[in-house]
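The structure under discussion appears below in the form of structure tokens.
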Ligand SMILES: Cc1ncc(COP(=O)(O)O)c(C=O)c1O
């Protein structure tokens, strides 16, 4: 039997309705959307429809959405694109220390190209403090890039407040929304952002497709040079099949978000309640209030995450730290939150999804409680 899947923040399966929408573009409609004949018109219409579906979900115009290969490309395009296009205005970027490598590594590379980057610290919940953004802003700052919600602990950042500060100082605001879309409301005007990255495989669309929202008037240097696809923003023949999938997935989110959100919260809360009842010293990571409804990052004191994972044979989840012979490698997010090492080393992330059932959660609780008790006992004997 397959393990119970509790790793939806890593990736999601393709929703059956998404797969169904894609099928005609796998079997039948193959035209190049740039071709003027009927074959091309059919796929061009499909890409247009998908763009409308994304725009509907985000609350923007269709011309403000471009399709990319995923969250990593969207982040690269937004950050490198702004730093290149606004180089004459300034050469400083502000980001946070809890971003995904798809932001952090872009910033590190830009530093090798002469840009200055400020990596803001976070509090023990993993949240950025808006006054610290204000303090870091200079007349040279062209971009503030702060993720909407964290992939490891689920903390939701005070984006609207941060965006207001950035705009007051003349900087643009980008957010990596790879983890928030489909779990909490994401509207570009409510968040007051100029650029927003989306990753298809986190929201029940296929892997290898994503999108970037670019507010009207924002300039970006290109990543991909070539023909004039995607309204001139990104060259390359469109990935029609996956674009149709992403469009359908976003349409479903637009129509069903409250139901999706409450299902996630019910499953996640049941898991946390079950674990807390049996493991009194359980440490729950992330902001207790402003947290993704599906994410449960928990730390088991003095236990080793990978040992626990290897014994949790019936579950698929992720570790927040790796123990080596001479040292413990804690994830950069937990390190930035200054989680004490004896907790950080035993951190596991369980992330529930649309298809998680109550039975799966109850089974998971039993298995986790059993494995944790066994590990604690083994440790006592070892002591
Ligand atoms: C917060 C965040 N940003 C970006 C990415 C990268 O997205 P993709 O896998 O589509 O390149 C991920 C995926 O792990 C993520 O969790």
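The values are calculated or read from the model by the stated rules, or taken from the named source; none is laboratory data. These numbers were taken from a predicted model, which means no experiment stands behind them. Neighbour counts run over all protein chains shown; Cβ positions are idealised from the backbone, glycine included.
A few notes on this one:
- Of the listed requirements (1) outside any loop (DSSP other than H, G, I, E, B); (2) buried (at least 24 other Cβ atoms within 10 Å of the Cβ), residue 204 misses just one: (1).
- Pairs where the first residue, in the range 126-150, is on the phi < 0 side of the Ramachandran plot and at pLDDT below 95 and the second is away from the ligand (no atom under 16 Å from the Cβ) and in a strand (DSSP E or B), C-beta under 8 Å, 6+ apart: none
- Residue count, the range 332-383 (criterion: farther than 28 Å from residue 263 by Cβ, within 27 Å of the chain's Cα centre (by Cα) and surrounded by 15 or more Cβ atoms within 10 Å (Cβ to Cβ)): 8
- Among the residues listed as 84, 31, 59, 71, the single one being touching a residue at least 12 places away in the same chain (Cβ under 8 Å), within 30 Å of residue 310 (Cβ to Cβ) and either more than 16 Å from the ligand (Cβ to nearest atom) or in contact with a strand residue (DSSP E or B) (Cβ under 8 Å, 6 or more places away or on another chain) (or both): 71
- Reported count of residues in the range 157-185, each being in contact (Cβ under 8 Å) with a residue 60 or more places away in the chain, within 16 Å of the ligand (Cβ to nearest atom) and either closer than 20 Å to residue 118 by Cα or in a loop (DSSP other than H, G, I, E, B) (or both), is 8.
- The set of residues in the range 88-118 that are in contact with a strand residue (DSSP E or B) (Cβ under 8 Å, 6 or more places away or on another chain), more than 16 Å from the ligand (Cβ to nearest atom) and in contact (Cβ under 8 Å) with a residue 12 or more places away in the chain comprises 89, 90, 91, 92, 93, 94, 110, 115, 116, 117, 118.
- Checked against (1) within 16 Å of the ligand (Cβ to nearest atom); (2) within 28 Å of residue 83 (Cα to Cα); (3) touching a residue at least 40 places away in the same chain (Cβ under 8 Å), residue 188 passes all but a single condition, namely (1).
- Of the helices (runs of 4 or more DSSP H) lying entirely inside the range 247-361, those containing at least 3 residues that are in contact (Cβ under 8 Å) with a residue 60 or more places away in the chain and more than 18 Å from residue 4 (Cα to Cα) span 332-336.
- Qualifying residue in the range 273-291 (condition: within 24 Å of residue 337 (Cβ to Cβ), buried (at least 20 other Cβ atoms within 10 Å of the Cβ) and touching a helix residue (DSSP H, G or I) at 6+ places or on another chain (Cβ under 8 Å)): yes
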